[in-house]
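A short worksheet on the structure shown next.
The values are calculated or read from the model by the stated rules, or taken from the named source; none is laboratory data. Just so we're clear, the structure is a prediction, and the values are computed from it rather than from any experiment. All Cβ positions, even for glycine, are placed from backbone atoms using ideal geometry, and neighbour counts span all protein chains on display. Just so you know, the surface numbers come from the protein's heavy atoms only, side chains and all, with ligands and any DNA or RNA stripped out. Shrake-Rupley method; radii C 1.70, N 1.55, O 1.52, S 1.80 Å.
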Amino acid sequence: MSVSEMGAAPTVVLDADGKGTIPIYVGLWEAISISNALNMEMLPRPITHDLIIEMLRRFGISLDALHIDSLEEGVFYAKLVLKQESRTEVMDCRPSDGIAIALRYGAPILIDPDVIQTASVKKEELPKMVDLKEYL
């Protein structure tokens with residue numbers, strides 16, 4: 001959670017290979033799902049992102065990568081790169097959902113160089129960050 005005098009917001013902070021950090025503000029439920037994936041926590045019943053992973057595996061679809069490919073008017077856009085045998089499909093998705101899915105699958109998260117250049121900030125420029133579980 002990024003915490004400032006204006007309030008708190010669930011935030012994913014991506015490291016852009018030493019070229020800065022990229023804060024992406026997400027919904028609370030997506031933040032919880034991402035936190036669960038990072039901590040390898042499984043709930044007793046599958047949530048949506050778990051269900052998507054299970055469907056991919058059962059139908060023999062691999063997730064090659066999540067590509068965060070643009071930033072327009074403060075909104076990040078991303079695509080899942082999926083492969084089934086020789087067929088490749090690219091599907092639009094919200095970065096928060098894509099991150100939750102990629103983490104569960106173990107797929108790389110790629111960021112377009114233009115997005116890195118536009119959105120990266122120094123760690124010291126980020127608002128105060130509090131661990132999600134600690135905040136909740």
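Numbers for the structure displayed
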item: Integer Hz, Karplus 6.51/-1.76/1.60 couplings in order for segment 2-11, x for Gly and Pro; result: 8, 10, 9, 4, 8, x, 10, 9, x, 9
item: Long-range amide H partners of VAL26 with built H, under 5 Å; result: THR11, VAL12
item: Between helix 48-58 and the chain: long-axis angle, C-alpha atoms, 0 to 90°, nearest 10; result: 30 degrees
item: Among 127-134, 47-54, the order from most to least packed when residues are scored by Cβ within 10 Å on average; result: 47-54, 127-134
item: Percent accessible area from carbon and sulfur atoms, the chain, protein chains only, probe 1.4 Å; result: 54 percent
item: Lys, Arg +1 and Asp, Glu -1 on Cβ, resulting dipole of the chain about Cα centre, debye, nearest 20; result: 420 debye
item: Net length gained if the chain between GLU54 and ASP92 were fully extended (0.36 nm per residue, minus Cα distance); result: 11.8 nm
item: Projected-area mean, segment 50-131, by convex hull of Cα positions, square nanometres; result: 6.7 nm²
item: Qualifying lysines (Cα of each under 25 Å from Cα of LYS79; at least 8 residues distant if same chain); result: LYS19
item: Kirkwood Rh (inverse of mean 1/r, distinct Cα pairs), segment 1-46, angstrom; result: 12.1 Å
item: Accessible surface, per residue, of the chain when the full set of protein chains is kept, probe 1.4 Å, Å²; result: 64 Å²
item: FRET efficiency estimate (nearest 0.05) - Cβ-Cβ, ILE109 to GLN84, R0 22 angstrom; result: 0.60
item: Options ILE116, MET6, HIS67, ranked by Cα towards positive dipole end of the chain, top entry (Cβ charges); result: HIS67
item: Rounded to whole Å, sorted largest first: equivalent-ellipsoid semi-axes of segment 31-91, Cα gyration tensor; result: 22, 20, 8
item: Paramagnetic reach from LYS122 in segment 1-34 [backbone N under 14 Å; point 7 Å along Cα→Cβ]; result: 19-21
item: Using alpha-carbon coordinates, inclination of helix 95-105 to the longest axis of the chain, degrees; result: 50 degrees
